[in-house]
1. Any chance region 318-333 includes a residue that's assigned to a helix (DSSP H, G or I) and of a type in the set (D, E, K, R)?
2. Considering only region 135-157, I want to know if a residue exists there that is more than 21 Å from Phe264 (Cα to Cα) and polar (S, T, N, Q).
3. Any residue that is within 22 Å of the chain's Cα centre (by Cα) and buried (at least 18 other Cβ atoms within 10 Å of the Cβ) - is there at least one of those in region 236-252?
4. Does region 412-426 contain at least one residue that is free of Cβ contacts under 8 Å to residues at least 24 places away in the same chain and over 17 Å from the mean Cα position of the chain (by Cα)?
5. How about region 51-69: which of its residues are of a type in the set (Ser, Thr, Tyr), at pLDDT 95 or above and surrounded by 18 or more Cβ atoms within 10 Å (Cβ to Cβ)?
6. Have a look at Arg296, Arg248, Arg234 and point out the one that is at negative phi, basic (Lys, Arg), in a loop (DSSP other than H, G, I, E, B) and in contact (Cβ under 8 Å) with a residue 60 or more places away in the chain.
7. Going by what's in this entry, would Thr94 be described as closer than 20 Å to Gly68 by Cβ and either under 18 Å from the mean Cα position of the chain (by Cα) or not in a loop (DSSP other than H, G, I, E, B) (or both)?
8. What number of residues in region 133-151 are touching a strand residue (DSSP E or B) at 6+ places or on another chain (Cβ under 9 Å), under 16 Å from Gly92 (Cα atoms) and either in a loop (DSSP other than H, G, I, E, B) or assigned by TED's automatic domain parsing to the domain that holds Glu299 (or both)?
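The values are calculated or read from the model by the stated rules, or taken from the named source; none is laboratory data. Everything quoted here is computed from the prediction, not taken from an experiment. Neighbour counts are summed over all protein chains in view; Cβ atoms, including those assigned to glycine, are modelled from backbone coordinates with ideal geometry.
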Amino acid sequence: MGWPSIFHRPTPVYSLKMLFLDPRLLLVLTGIVPVLGRQAVFDSSERQWTTFPRPITRVAVIGAGPSGLQAAAQLLAENLTVRLFERSPQPGGTWHYTENTPVRELYPGTIFNKTKGTPNVLPATTYYAEGEDGISLDDRWKEHWQPSPAWYDLHTNSPSINTDLPGVKYPANAPWAISVHDVQRHVRAYASLHGINSNDGPSLPSSERVASYSTRVEKLEKCNSTATWTLTLRHMEWLPESNRIKVRFWTETFDAVVVATGLFTTPNVPTIKGIEGWSRAMEDGAFSMHHSQSYRHPERYAGKTVLLIGSSISATQIGRSIFPLAHRVFASVRESKRHDRLKEVVKFADQIEVVPEISFFEPLNENTIGIQAGRIHLCNGTTLQGIDMIILATGYRANNFHPDVNPLTQDNLHWTGHYIKDPTLAYSLVRPWSHGRYQAAGFAKVWTGKARLPNQHQMWKEYKDYDFGSPLDVFPQEALIRKYVAWLNAEALELGGQFVEPPPIEARETYAYFQNNLFKKEFVNHDNYTRFDNLPSNEWPSRVETLSW
C-alpha cells in the first residue's frame, strides 16, 4: 500500500499489530482524522476538536509519586512553566518508605482535633509550639504529610523491566521482585534526572523553583471568568532551633492542573457494628486494632494471634510477612465479584486461616485490657475469640479535589485522563510504570497543541463505549497502552512532535514469565497478548470482559 492510497481510501479498521508494523497506518486510527488545528476556545459545541479559552503556559502537578514526576517531566520538556506540589518531604509517593507512621485513622465516633483551617487572609504565616491546641508537633507534622503506607519488606508484584521509569535503569543484577528501598532510590534518581527532586533548586537564579515539597494543596478552585485554576497551598517546615513548626499559606494560579495523588490517600475504615468500641482497646500502650497504613515490621506480631480484614494485595502480602512469627493468623474475607477475580492472582499463604466476613463485634467489657476476651461474630454464624491484634487491610479513599470526579471509578474522566467537562483538569490514574509515560505525554501534547482531544460529545461517547478495567485487568490495560501509542503517534505525524515507542516485546514476555511463577493460575501468556494484538479496536469494548483474567 503506497502513501496516496492511504489518504484517498475510506478509513478501514486495522488491528493494533498492523498499526505497530506500519506506522503510516496510524493516520487512519478510528476516530483520528488528519485535520490541522490549534487551541482556540473550549466550549461544548460540535466542533471536531476540543479547544481551550486561553493558551496553556502554566501547569500545576499535584503529587510527586511516579505518575506526578512523569507528568512534570513531560510538561517541562514541552517548555511549559510547571509547579510540582508534594505534601511529603521527598518524592516517591507510596514508594517513599519511612519508619514514620501516619496519624491514627478515623473510626466511627472518633473526634480528631485537626489543625486549624486556612486563614481568611492570604498569604499568611503561623508558628506552632509543642502541645498547642492539644496537638503534639510530631502529630501535626505527620498529619500534614501523611507518611506512606509502604512497609519495610514490601516488594513489587512485577519485575524490574515492568517497574521502571524512562531513562533510569535498575542494576543488571537486580532481583526479580524489587524491594521498596530500591524502588524508592529509582524514583529519586528519576526526579534528580529531571531537576525536580526535593533538593533541586531553580534552573536559573531568576526562574521559579519547580518542585515544592512539604506542601499540601488545601483547595482547588476554577475561576470561570479568567479560565484559570487557583490552588490554596500550605507549606510546613520544622524549625529545630526553636522546636517549632512554621506554616505558610498562599495561593497560585494556573492554566491547567494534573492531579497525581494516586489512590492511597485516606485509609478506609469499614462500617461494622461494634468497631468503634474495639478501636479504643489498648494493650501495652498500643491500640489492638489499626489500619495497614501503619504496618511496618512483622516483629510487632511475634507470638500473637492476628486477624487480617481484607483480601487484596496489602492483606495477602502482610499475611505472608507475619505468619512465620505470629502464633496464628486469620483473614476475614468478604465475598464479592472483585474478590472472585482477585483470589485467582492474589492469594493468602496456605498457613493463613480464611474465615467469612464479619457480621459484628460484640461489645467489650470496659475494664478489659486488649481484645483477647472479645467475641467477633461472622456472617456464617460462627465466632472468633482470642484475637490479640486486628489489621484493617481495607483499602483507601482517594482525594478527588473536585466533587464531580471519583478517582476510584474514574467518573467523568476521558480515557486519556482529562476531565470531560473541562479538559484543563486531568487525573493520572493509570499504572505509572507501564502507562504513566504515555498518559503524561498526552497531557503535555494536548495542552501544547501537539495532540487533540475530540469534542465533548465524542468524549462522552468514548467514556461510555470504552472500558479498560482496573490496573489489574492485564489485557484490557494492554489495549489501553496500544490506544495511547496509536493516538500519540498519529497526532505526531500530523501535528509534529516526538513519537513514542510501544513497550518492548521482551518486557511483555518477562512479565508473563514472572507472573506465572508468582501466581498459581496461568492467566498471563503470549497467546493472550497475541489475541489482543489482532483484535480490531472497535471490538475492544465488547471483548474486554472475555479477555480479562
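1. First, pick out the residues of region 318-333 that are assigned to a helix (DSSP H, G or I): 318-322.
Within this subset, residues satisfying the condition of being of a type in the set (D, E, K, R) are 320.
Yes: region 318-333 contains one or more residues that are assigned to a helix (DSSP H, G or I) and of a type in the set (D, E, K, R).
2. Our first condition is that a residue be more than 21 Å from Phe264 (Cα to Cα); within region 135-157, this holds for 135-138.
Restricting the remaining residues to those that are polar (S, T, N, Q) gives 136.
Yes.
3. If we filter region 236-252 for residues that are within 22 Å of the chain's Cα centre (by Cα), which is where we start, we get none.
No, that holds for no residue.
4. Keep residues of region 412-426 that are free of Cβ contacts under 8 Å to residues at least 24 places away in the same chain, which gives 419.
In the following step, the residues that additionally are over 17 Å from the mean Cα position of the chain (by Cα) were identified as none.
No, region 412-426 has no match at all.
5. Just the residues of region 51-69 that are of a type in the set (Ser, Thr, Tyr), to begin with: 51, 57, 67.
Adding the requirement that they be at pLDDT 95 or above leaves 57, 67.
Once the filter is applied, which keeps residues that are of a type in the set (Ser, Thr, Tyr), at pLDDT 95 or above and surrounded by 18 or more Cβ atoms within 10 Å (Cβ to Cβ), region 51-69 yields only Ser67.
6. Numbers: Arg248 fails: in a loop (DSSP other than H, G, I, E, B); Arg234 fails: in a loop (DSSP other than H, G, I, E, B).
Checking each option against the conditions leaves just Arg296.
7. Details: closer than 20 Å to Gly68 by Cβ: yes; either under 18 Å from the mean Cα position of the chain (by Cα) or not in a loop (DSSP other than H, G, I, E, B) (or both): yes.
Answer is yes for this residue.
8. Filtering region 133-151 for residues touching a strand residue (DSSP E or B) at 6+ places or on another chain (Cβ under 9 Å) gives 135, 137, 140-141, 144-146, 149.
Retained after the next criterion (residues that are under 16 Å from Gly92 (Cα atoms)): 145-146, 149.
From what's left, either in a loop (DSSP other than H, G, I, E, B) or assigned by TED's automatic domain parsing to the domain that holds Glu299 (or both): 146, 149.
Adding up the residues that qualify gives 2.
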